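Coordinate-derived values only; no laboratory data. Here the structure is a predicted model, which is why all the values come from computation and not from measurement. In this analysis, Cβ positions are derived from the backbone assuming ideal geometry, glycine residues included, and neighbour counts consider all displayed protein chains.
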Amino acid sequence: MLHPKLIHPKSIAVVGGSDNIHSPGGRVLKNLIDHQFEGELFAVNPKQDRVQGVKSYKDIRDIPKVDLAIIAISAKYVYEAVKVLAQQKNTKGFIIFSAGFSEKDEEGAKLEKDIVELINDAGGSLLGPNNIGLINKHYTGVFTTPVPKLNENGVDFISGSGATAVFIIEAAESMGITFSSIYTVGNSGQAGVEEILEFLDDSFEKGKGSKVKLLYIESIKDPLKFLKHTASLINKGCKIAAIKAGSSEEGNRAASSHTGAIANSDVFIDTLFKKAGIIRCYGRNELLTVAGILQQKESEGKNIAIITHAGGPAVMLTDVLSKNGLNIPPLKGPESEALLEKLYNGSSVSNPIDFLATGNAGQLEAIIEFCENCRDIDAMAVIFGSPGLAPVDDVYAILDQKIRTSKKPVYPILPSVVNVKSEIKEFIKKGNIAFPDEVLFGNALAKIYTHSPDRGGESDPDFRLFKEVRKLVDGLPDGYMPTNAAVNLLEYAGVKFATLLEVRTEAELKKSLKSLTYPVVLKVDGPLHKSDVGGVILNVSNKTELNSHFHKLMQIEGAKSVMIQPMIKGKELFIGAKKETNYPHVILCGMGGIFVEVLKDINASMIPVSEEDALNMITSLKAFPILKGVRGQGGINIKLFAETIVRISNLLSIVPEIAEVDLNPLMATDKELTAVDVRIRLERPNKKLQPKVLTEIV
């Protein structure tokens, strides 16, 4: 938890403060002064007694006790400064702008670690190093510009990158998006994105303050903590949109299974965000457009009216929305005909509602009032620019009025950022948000409206089998489980597996003949990728073929035995699971066999997976119509497929050291689902994910 003195200090020392406002120490001091920090403010500068009119001390040992220190000096001097502040000056809040720490080299990483230990021992909180600071209603502790004017109902913004934060602040200003607070974490030496989220979660008051949170993330050190507080904030009524940049080294390693190849680091981020309910964005402009929409009134449905005086942008917006699941319903009947009579000849009210380049403020008012009273419309997107022939202040005044008074959301798309620059500036000054691009807006709107977070399942494994499962797993080393052991583990979890005979010698083969019913399948056991080495032979229909193929498979390099199974018919499915670093397991499903990697029609979810989550995974597959049954072909038992996914989720809660599960294929009919191949890899981490831990989080 962040120390209160970092958030609301009564006194601040700028270590490295100067008269040079083009340096970090000089600029942050100026920002603190210009934005009227109400507490005691002083500087540490070895050459001056006063800096920008503020009392300055030449030696840090001479300063009085201070709540917060903002440090802008060379990295090599930071440790000693922090030591004095933490041990002698009762300082609890630290912001370190200085670079040259873990982002630089091993020596810098050690120095950063030593500084964090000093602050931890003092019970303090650190932002940085290598950041630009923070802005909240109590003080403006950044060395950058522009400094946005804060608004209690603006967005809370957390950034792992100082430069990206500046670019987002600049772009937000041009759109009219305001901020409630801004935190930059830099190297996240002590406090990272997770700790800021924890603070925002614990300090959240319903009905007060910001309900929109924006995140730019470069690292998530504690995914469970991240999940806990983002999910909690969203459950309290907040909306969160985030960019995650970069991926872990573990996610880039060579994959040894279908699951490993598909479940890369990006899948873990996707499923983590979905489990929490976060809207994922991929660029600054998209993030801000999403934020702008989230700050408008909420729509009760997906029926959008597009109001425009420019045909081209309306067509592009219509295309984007309709392709992404939103509706542009045609408008007909006496009411729409009455509206048409109020517009100039050549106008159209079919939706898009086009009132021509000559359209005026009165006509726009009539159109918005019509849509407000139309039961077929849930929200309005108004595209209005200008060719520069005449001022459009009256149009934007009507738009401002209707945004405030309409019960339905009215989204202003104002593309004439040059011709009507002054009018847009005035429109924004009134507290409005202006979206400059219709396609960017349309994609963002569709992303919000179609956003469907996981409901968050209850992990409910059958703990009567806990002892048997643990006895089996604890007796095995890390690496791929022997096939028979993996089959036993699946059966404990309630997953049906095709009858399996393991044959090592010709004598064992002869013995097995009595129990076989043809046709059968032969699979080599030993090589990791059976198909790649010709290790799978289907439709073996008699004793002679069986004997011949057995000897052929045993000659494959690395072969330990041959597995014999009945030939099972059905549609091929795939279920996989993977664990990466300290993230919870991710479960994947899709069509099986060669379709897994060829079509890559896969959906994923983070554990625990409820039956509702599993059904959403299945029904969202592009191949779902095939699974359901199409053109006279029978479908599979969808409910059983979902139940099997849940059973694998439950298994993972009992055996967190499972690193990968690969069930490919499972053979499915309308009555049964049977696994015919399995690979399970164990990897024991230092910290085990305990059963049901995620249930408490989400």
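Of all beta bridges DSSP finds with both residues in the stretch 4-130, what is the antiparallel percent, to the nearest 5? Of all bridge pairs located within the stretch 4-130, approximately 10 percent are antiparallel. For the cross-link pairs Lys92/Lys228; Lys206/Lys425; Lys137/Lys213; Lys5/Lys274, the ones whose C-alpha atoms lie over 22 Å apart are Lys92/Lys228; Lys206/Lys425; Lys5/Lys274. Here the Karplus curve 6.51 cos²θ - 1.76 cosθ + 1.60, taken at θ = phi - 60°, turns the phi angles of the stretch 644-660 into couplings of 5, 4, 5, 5, 5, 4, 5, 4, 5, 6, 7, 10, x, 7, 5, 8, 8 Hz, with x standing for Gly and Pro.
Tell me the GluC sites (Glu not before Pro) within the stretch 66-156 that lie in a loop according to DSSP and have at most 16 other beta-carbon atoms within 10 Å. When the GluC sites (Glu not before Pro) of the stretch 66-156 are filtered for loop state and at most 16 Cβ neighbours within 10 Å, Glu103 remain.
Counted by neighbouring Cβ atoms within 10 Å, the residues Lys149, Lys628 run from fewest to most as Lys149, Lys628. Does the chain come out rounded, prolate or oblate, given a ≥ b ≥ c as the square roots of the eigenvalues of its C-alpha gyration tensor, rounded meaning a/c under 1.5 and, failing that, prolate meaning a/b above b/c? Here the chain falls in the oblate category. Taking the longest Cα principal axis of the chain as reference, the axis of helix 311-323 is set at about 40 degrees. Residues whose amide H comes within less than 5 Å of that of Leu127, counting only those at least five positions distant or on another chain, are Phe94, Ile95, Ile96 (H built at 1.01 Å from N in the peptide plane). Only helical runs count toward this figure. For the chain, summing -39,500 (n - 2.57) over DSSP H runs of n ≥ 4 and dividing by all residues gives -11000 deg cm²/dmol at 222 nm. Beta bridges assigned by DSSP with both partners in the chain are antiparallel in approximately 50 percent of cases. Taking the alpha-carbon centroid of each part, what is the distance from the stretch 511-581 to the stretch 78-111 in angstrom? Spelled out, the Cα-based centre of one part sits 61 Å from the other. For the stretch 120-233, DSSP calls about 35 percent of its internal beta bridges antiparallel.
Loop-located trypsin sites (Lys or Arg not before Pro) in the stretch 322-358 (DSSP state not H, G, I, E or B) with no more than 13 neighbouring Cβ atoms inside 10 Å: Lys332.
By the beta-carbon count within 10 Å of each Cβ, the least crowded to most crowded order of Ile424, Ile448, fewest first, is Ile448, Ile424.
Cβ crowding within 10 Å, taken as a proxy for footprinting-reagent exposure, orders Ser386, Ser422, Ser98 from fewest neighbours to most as Ser422, Ser386, Ser98. Within the shell defined by Cβ-Cβ distances under 12 Å, the residues around Gly312 carry a net charge of -3, with Lys and Arg each +1 and Asp and Glu each -1. Taking the longest Cα principal axis of the chain as reference, the axis of helix 24-34 is set at about 60 degrees.
Note that the stretch 197-213 has calculated 3J(HN,Hα) couplings of 4, 4, 4, 5, 5, 5, 9, 5, 10, 4, x, 10, x, 6, 10, 10, 10 Hz, one per residue in order, obtained from phi through the Karplus relation 6.51 cos²θ - 1.76 cosθ + 1.60 (θ = phi - 60°); glycine and proline are x. Work through the residues other than Gly93 whose Cβ is under 10 Å from its Cβ and net out their charges, Lys, Arg +1 and Asp, Glu -1. Value of the local net charge: +1.
Around the amide H of Gly385, modelled in the peptide plane, lie the amide H atoms of His309, all under 5 Å away and 5 or more residues distant in sequence or on another chain. Of all aspartates and glutamates in the structure, those lying under 13 Å Cα to Cα from Lys569, and not within fewer than 8 positions of it along the same chain, are Asp670, Glu672.
Give me the net charge of Ala577's neighbourhood, meaning all other residues with Cβ under 13 Å from the Cβ of Ala577; Lys, Arg count +1, Asp, Glu -1. That sum, taken over residues with Cβ under 13 Å, equals 0.
The HN-Hα couplings worked out from phi for the stretch 88-99 by the Karplus form 6.51 cos²θ - 1.76 cosθ + 1.60 (θ = phi - 60°) are 10, 10, 6, 6, 10, x, 9, 10, 10, 6, 3, 9 Hz, whole numbers, x standing for Gly and Pro. P(r) for the stretch 514-566, from all Cα pairs and a bin width of 10 Å, is 27, 57, 16, 0 %, short bins first.
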